[in-house]
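Following: one structure in structure tokens, then a few remarks.
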Amino acid sequence: MEQLVGHRASYLPPAFDCVLEDGTTYPSSEYGWLNGLTVTCAVVSALPAAGARCATRRRTTRRVRVPDPETAG
């Protein structure tokens, strides 16, 4: 029986693998929830960034002023 000597994480695609003595890896079934947590955190952190970008665009659009043709001389 081979012994577990460590673990290896991958970001793309999200994975958490166990490393055995001979260097082979296999997917960890006990830490499968960690993969889902990683993806969830990435999505949750992207949403406020997208919202901030939209808010900045709106603010910039409101600042643009068009001169009134009746007052321009």
Accessible area of residue 30 in the full protein assembly, 1.4 Å probe (Å², nearest 10): 140
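Largest first, how would 12, 47 line up by accessible area (1.4 Å probe)? Before the final figure, lay out the partial values.
Numbers: 12 160, 47 115 Å².
Ranked list, largest accessible area first: 12, 47.
The values are calculated or read from the model by the stated rules, or taken from the named source; none is laboratory data. Predicted model only: the values in this text are computed from it and were never measured. With ligands, DNA and RNA removed, areas are computed over all heavy atoms of the protein, side chains included. Shrake-Rupley method; radii C 1.70, N 1.55, O 1.52, S 1.80 Å.
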